[in-house]
Amino acid sequence: MIWIACFVSAFILVYLLMPIFIRLMEKYKILDSSGGRKIHKGYTAHMGGVVIFVAFAVATCSCVLQMINNINILQLLAFLILLSFVVVLGVRDDMNSLSPIVKLLCETVIGFLFCYLDIRLYSFYGLFGVYELPIWLSYFITIAFIIVVCNAYNLIDGIDGQAGMQAVAVFIFLAGFLLHLIHSKEILHIESFFANVHFWLIVFIAIIGSVIGFLVFNWQPAKIFMGDTGSLFIGTLIALSIIMSINYSGVSPISVGEFQIKTKILIFPMFFFLPFADTLRVFISRVRKGRSPFSADKTHIHHFLLRTGYSHQRTTITTFTIQVIVSLISIVVAFFICDLFYILYIAAMWFAYVFILRFTIQRKIAKLKQD
């Protein structure tokens, strides 16, 4: 019952607060204008991530206080305060774009502080024969992962609804994993408040409710965008959630009946496959053309699909479907192949993605020219 209350409270808060926030943005003319790489027309309210965060924080706090015994209030507050710093960074970037170096430095500091809270990758759990990580390496990998995920998620936020749907795709699978873990009565044996599986499940459900509430207003034609305020916050949360899910799986691998997963940690990044794969594809394409991988252009998957005549809704549903299918295939494959072969599987999936995308887009564009 608490899970339903968590979802509903987060959804309702966004649903009630977002119209008020939109009116405030319009009143004070804090709007995102069209032009350049931006696809929308006219002026649209942005920084919707502020409302997503508020609803998420309220739903998380209320449900954690009701469900978890011996709660560490200070650590919970520290977690939410750090996320609020991420939101403030996003607001600053939305109001007046930060330079890439300043943004990177801020993300590094925030990543370090999350590591200090003990939200980090503790071990490789046998991958490449490596188990417990030295603390300096644990910090380095965790910070790097947070930065990569944040920026990949930010880049996928290009059309109405897409970033929100990708977040829902990630958190639904992560929540399903934790529900399975709770059902099997497995726990992570680490002396930390943030090792509590119920805490993370509340986090996942609260963000799903908040994002779905946001999608009501972000579906084409969007009344508001999440902006960097939302993409940095949700991207950070995705990174932290994947890291903690890896830790849980490393200690208590997924099992269904007599079948046990053979790759403990590589499956979880596949729940975020599309943003990872598309960002890598775009970066490699830019480098091959002699350009900086960080230069702006219109070569992401949503740009290609829009050129073939897809609407924002169809493009968003297509990318969401791709991510869900990849996640389901990756779960099945993880029961049959070990870490080394799973790495080859990940590489094969990326090459397949690039080939299928190029072939499909070229064929559709050629057909449009003929018509």
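At a Förster distance of 45 Å, what's the computed FRET efficiency of Q66 paired with I141, Cβ-Cβ distance as r, to 0.05?
So the FRET efficiency works out to roughly 0.85.
How high is the FRET efficiency from D297 to I365, r the C-beta distance, R0 25 Å, rounded to 0.05?
0.90
Please work out how much length the chain gains when fully extended from I81 to I20, using 0.36 nm per residue of separation minus the C-alpha to C-alpha distance, in nm with one decimal. Numbers along the way, then the final one.
On the way: separation 61, 0.36 × 61 = 21.96 nm, distance 2.37 nm.
Taking 0.36 nm per residue and subtracting the Cα distance, the gain is 19.6 nm.
For each cysteine in the chain, check whether another cysteine's C-beta sits under 4.7 Å from its C-beta; list those where none does.
C61, C106, C115, C150, C338, each lacking another Cys Cβ under 4.7 Å.
Count charges around I135 for me, please; just the other residues with Cβ under 12 Å from its Cβ, Lys/Arg as +1, Asp/Glu as -1.
-1
Are there DSSP H segments in the chain that both extend 15 Å or more along their axis (alpha-carbon positions) and score a mean Kyte-Doolittle hydropathy of at least 1.0? List them, or say none.
Numbers: long enough: 2-27 (37 Å, 1.84); 49-67 (26 Å, 2.20); 73-95 (32 Å, 1.98); 100-116 (24 Å, 1.65); 135-156 (32 Å, 1.94); 162-183 (32 Å, 1.63); 197-218 (31 Å, 2.30); 227-251 (36 Å, 1.20); 273-288 (22 Å, 0.66); 312-334 (33 Å, 1.21); 339-370 (46 Å, 0.80).
Helices meeting the criterion: 2-27, 49-67, 73-95, 100-116, 135-156, 162-183, 197-218, 227-251, 312-334.
Along its three principal axes, how long is the chain when you only count alpha carbons? Whole Å, largest extent first please.
58, 48, 39
With springs only between Cα atoms under 10 Å apart, run a GNM on the chain and tell me which of M270, M244, M25 wobbles the most.
M25
Using a Förster distance of 25 Å, how high is the FRET efficiency between F283 and I30, based on the Cβ-Cβ distance and rounded to 0.05?
Efficiency computed from Cβ-Cβ geometry: 0.20.
Between I182, I331, I234, where does the largest GNM mean-square fluctuation fall for the chain, given springs only between Cα atoms within less than 10 Å?
Highest fluctuation among the options: I182.
Of Y15, Y131, Y139, which is the most mobile in a GNM of the chain whose springs link Cα atoms less than 10 angstrom apart?
It is Y131.
Which longest run of the chain has no exposed loop site in it, a site being GluC sites (Glu not before Pro) in a DSSP loop with at most 10 other beta carbons within 10 Å, and the site itself not part of the run?
Longest site-free region, per DSSP loop and neighbour criteria: 1-190.
How do the peptides 341-350, 309-318, 212-221, 142-151 rank, highest first, by the average count of neighbouring beta carbon atoms within 10 Å per residue?
142-151, 212-221, 309-318, 341-350
Could you list, in their original order, any pairs among K29/K298; K27/K298; K223/K364; K298/K364 whose Cα atoms are separated by more than 25 Å?
Table pairs above 25 Å Cα-Cα are K29/K298; K27/K298; K223/K364.
Read the figures in this text as sums done on the coordinates, not as results from a lab. Every value quoted in this text rests on a predicted model; they were computed, and no experiment measured them. FYI the Cβ positions are ideal-geometry reconstructions off the backbone, even for glycines, and counts take in every protein chain you see.
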